[in-house]
Amino acid sequence: MTKDIVILGAGVAGLPIAHYLVSRTAAQTPDLRVVLVSPNTHFYWGLASVRFVLPVKQHGITEDKYLFPIEEQFSRYPNKEQFKFVAGSAKQLHPDKNTVTIALSGKEGEELEINYHTLIIATGTTYRGGMPWKAVGTTEATRTAITQLQKQIDAAKSIVVAGAGATGVEFAGELGAAYGKSGKKKITILSTDPLPLESRIQDRVRATAKKELEKLGVKYIGSAKLVSANPKSKGEEKEIKIEVNSNGKTTTQTLTADLLIPTYGAEFNTSFAPSSMVSSSGRLLQNPDLRAPNHSNIFIVGDAGSLQPPQAIYAEQQARHVMQQFASYLASEGKTVAAYHLGEKDKDKDKVQFAVTIGTSRATGQVGSFQIPSLLIWWLKGRYLGTNYTGDFAAGKRTLNGPLPK
C-alpha cells in the first residue's frame, strides 16, 4: 500500500523537503509517494520582494529570478511518478482520521480530501491587504500585486512606509537608495517604537538601522501609531493621520503622501488546524522533535510553528532537521526522531540571529551579542538577496545555506 507523505506549503521550508524526500527517500522506498500542496503553481522567492517590487528599471530583477513553476522542478527525477503536486490550500485538518481537506485553486467550491501516512506542515505566513512580501493567494494574484505596486511606486512622488520591522526597514532602504538619497521622491517610515526593528534586537543595532535609513534620505518617525489614511478632497494624495508619543505626551500629526505602503500584518497560515494544535500566538504547537503534541505523524516546520521566531534562517534549520531524521522515522515506524537543537546543546536557544539589508550597499544585524559588520551582510545577502541562486534552490539543488543533506 502506498504511503503518502503530504507536505502543505512550497516555500523555503516545504519545497526543499519535497525535493529531498523525492530524490533521496522515495528513490529508495518504492511504496512512498510525496504529495506537495500549495495554492501557488509557482515557487515565490519573497525574500527579495523588498527590492523587486520597485520598478524593474531600478534593479533589473526579472520574473524568472523569483517565480518558478513547481511541477517542472520535479520532472527531472527518474522516479517522478512518486511525486504529485496539488494546487490548493489546506481547509481542514482531521488528525484523528489522518486526512486533510484541500480547497483546490482556480476551482471554486471544489475540494479534495487527502489521506496521509505522514503530514509535514510548512504553510508559512501571508500579509494582510494583499501585499506581496509573501505570496498572495495564487501565483496570478501575486503577479498582479507586484505589477500594481511597481506602477504605484513609479508614479508616486511621496511614499510613507508603515511598519519598521525587518520588511519595513529593508523596503524603506530600497526606496531610499533608489529615490530618497537623490531627492527624486520623499520617503518616510513609521515605527511604533522609538527605534526600528524588534525589541529583542540590541539597541545599538536598531540605532544603526535608523542611521543608515536617514543616510539614504528616509525620514524616520518613531513612537508613531497610524490612525487613518484618507484621500484628500482633490487629487490622488492621501492625508495620513498619526499619533506620536514623546515624553509621555501624545500628539496628532497629519502627513501628506501619494502612497501609503504597509509592511506589517503578517498572518500565520494555520486556520485549517484544530484549535487543540494552535498556540495563543496563532502558530502551531511543536514538540522538541518538531512534531505536533499527541500526533507523532505530523511534523511542523518554519513560520507556522511556535518553537522559534518566524525567520527564514530557522525555517531552513528546521527543514534540514526533518530531512535528516526522516529515514529513521520511517524505519522505526515513527518511534525514532531526534530532538531538534535550538543551539549548541540548546544553550543558545535564545540567541538572536538576525540580519537586514538597508538599500543596495548597507546592512546591519546581530548574532548573539555581536553586531555583524555591514560589509559582511552586504556580501552574503545584500548584493543579490538570493536571486543569484534561486534557480538552484527551486530545482532542489540546494537549500538557503548549502546543498541538500545526503
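Readers should treat all values here as calculations from the given coordinates under stated rules, not as data from a laboratory. Note that the structure is predicted; figures quoted are calculated from it, not measured. Please note: Cβ atoms are built from the backbone with ideal geometry, for glycine as well, and neighbour counts cover all protein chains shown.
Here is how the numbers come out for the structure above:
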| quantity | calculated |
| --- | --- |
| Members of segment 383-402 found to be in contact with a helix residue (DSSP H, G or I) (Cβ under 7 Å, 6 or more places away or on another chain), assigned to a helix (DSSP H, G or I) and either of a type outside the set (G, A, S) or surrounded by fewer than 21 Cβ atoms within 10 Å (Cβ to Cβ) (or both), listed by number | T390 |
| Residue list for segment 272-286, restricted to those being over 17 Å from the mean Cα position of the chain (by Cα) and under 19 Å from H94 (Cα atoms) | F272, A273, P274, S275, S276, M277, V278, S279, L285, Q286 |
| Top-ranked residue in segment 145-190 [being surrounded by 21 or more Cβ atoms within 10 Å (Cβ to Cβ) and of a type in the set (S, T, Y); ranked as farthest from T360 (Cα to Cα)] | T188 |
| Complete set of residues in segment 253-271 that are in contact with a Lys or Arg (Cβ under 6 Å, 6 or more places away or on another chain) and among the polar types (S, T, N, Q) | T254 |
| Test: residue in segment 195-217 that is assigned to a strand (DSSP E or B) and either under 24 Å from the mean Cα position of the chain (by Cα) or under 27 Å from G60 (Cβ atoms) (or both) | no |
| Extreme residue, farthest from Y20 (Cα to Cα), among residues of segment 56-83 that are touching a Lys or Arg at 6+ places or on another chain (Cβ under 9 Å) and part of a helix (DSSP H, G or I) | Q58 |
| Tally of residues being touching a strand residue (DSSP E or B) at 6+ places or on another chain (Cβ under 8 Å) and buried (at least 20 other Cβ atoms within 10 Å of the Cβ) across segment 196-219 | 11 |
| Considering residues of segment 178-194 that are part of a loop (DSSP other than H, G, I, E, B) and more than 24 Å from the chain's Cα centre (by Cα) only, the residue nearest to G163 (Cα to Cα) | P194 |
| In segment 247-276, residue surrounded by the most Cβ atoms within 10 Å (Cβ to Cβ) [restricted to those that are touching a Gly at 6+ places or on another chain (Cβ under 9 Å) and among the small types (G, A, S)] | A266 |
| Exclusive hit being within 30 Å of I7 (Cα to Cα) and either within 22 Å of the chain's Cα centre (by Cα) or assigned to a helix (DSSP H, G or I) (or both), set I120, I153 | I120 |
| Within segment 1-55, strands (runs of 3 or more DSSP E) holding 3 or more residues that are over 15 Å from the mean Cα position of the chain (by Cα) and buried (at least 20 other Cβ atoms within 10 Å of the Cβ) | 3-8, 32-38 |
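The rows are residues; the columns are (1) loosely packed, with under 14 Cβ neighbours inside 10 Å; (2) among the basic types (K, R).
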site	(1), (2)
H94	yes, no
N98	no, no
E111	yes, no
H117	no, no
T123	no, no
G130	no, no
T139	no, no
R143	no, yes
